[in-house]
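Since the structure comes first, as C-alpha cells, the remarks are kept for the end.
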Amino acid sequence: MHDVAIIGVGLHPFGRFEGKTAMEMGVDAITAAVADAGVSWNDIQFGVGGSWTVANPDAIVGMVGLSGIPFTNVFNACATAASATKACADGIRLGDYDIGIAVGLDKHPRGAFTEDPGLVGMPSWYAENGQYLTTQFFGMKANRYLHEHGISHPTLAKVVNKNLRNGALNP
C-alpha cells in the first residue's frame, strides 16, 4: 500500500458562464490543479472524471493535451466527485500509479436538476409527489432516520454544524 496525498487543487468559479461548456470549465480546473501541484500535464499518469451533463468526461484529455493516459469515467449522482477522488486515490494506493488527477464537471440548467426522473431511471412518481426535488427527498429521508434511530433534531443540528464548520475549511 502506498500513501496518498492531494498535492494540487483547481476550481473553476461557481456560477453561470454563458458560452462556456462544462468541459471548458473542467480544463480550467485541471490547469489550475496541475499548476498548484507544481507538475506538468505530462506528469499525470491517469485520470478519473465524473459528470451528469457530460456523457464523455474522458474527452477532456483531448482538450488538455493528448498524452495517452488512461481515463476512467464515473457517475454516482451527488457523490460523483467523491467517487472519482476515491478511484484516483485507489489507483495510487494500490501502486498502479504515482500521480493521477480526479475531475468533476457539470453545467446544470436552471432549476432543481431535470424535471424528468426517467432520465436517470427513476419512476415518474418521484416528480409527481415532489420527491424529485432533492431538498424534499433528503429531508424526508433524514426525518425517517431520526425516527427509526431515536435521534433528536437538536442532535442532527449539531452534526450539521460540525459538517458546515469542516466544509468552511475546504479550499
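The values are calculated or read from the model by the stated rules, or taken from the named source; none is laboratory data. Note that the structure is a prediction, hence the values are computed from the model and not measured. Counting neighbours? That spans all protein chains shown, and the Cβs are built from the backbone with ideal geometry, glycine included.
General observations
- Only one entry of 83, 40, 51 meets the criterion of being farther than 30 Å from residue 121 by Cβ and of a type in the set (S, T, N, Q), and that entry is 40.
- Looking only at residues in the range 1-55 that are among the aliphatic types (A, V, I, L, M), touching a helix residue (DSSP H, G or I) at 6+ places or on another chain (Cβ under 9 Å) and in a helix (DSSP H, G or I), the one that is surrounded by the fewest Cβ atoms within 10 Å (Cβ to Cβ) is 37.
- Beta carbons closer than 6 Å, at least 6 apart along the sequence or on distinct chains, never pair a first residue in the range 138-159 that is not assigned by TED's automatic domain parsing to the domain that holds residue 126 with a second that is modelled with pLDDT under 95 and assigned to a helix (DSSP H, G or I).
- Looking only at the range 59-98, and only at residues there that are hydroxyl-bearing (Ser, Thr, Tyr) and closer than 21 Å to residue 42 by Cβ, the one that is surrounded by the fewest Cβ atoms within 10 Å (Cβ to Cβ): 67
- Taking residues in the range 66-89 that are within 16 Å of residue 55 (Cβ to Cβ), and partners anywhere that are of a type in the set (D, E, K, R), the pairs with Cβ atoms closer than 8 Å and at least 6 places apart or on different chains are 71/58; 72/58; 73/58.
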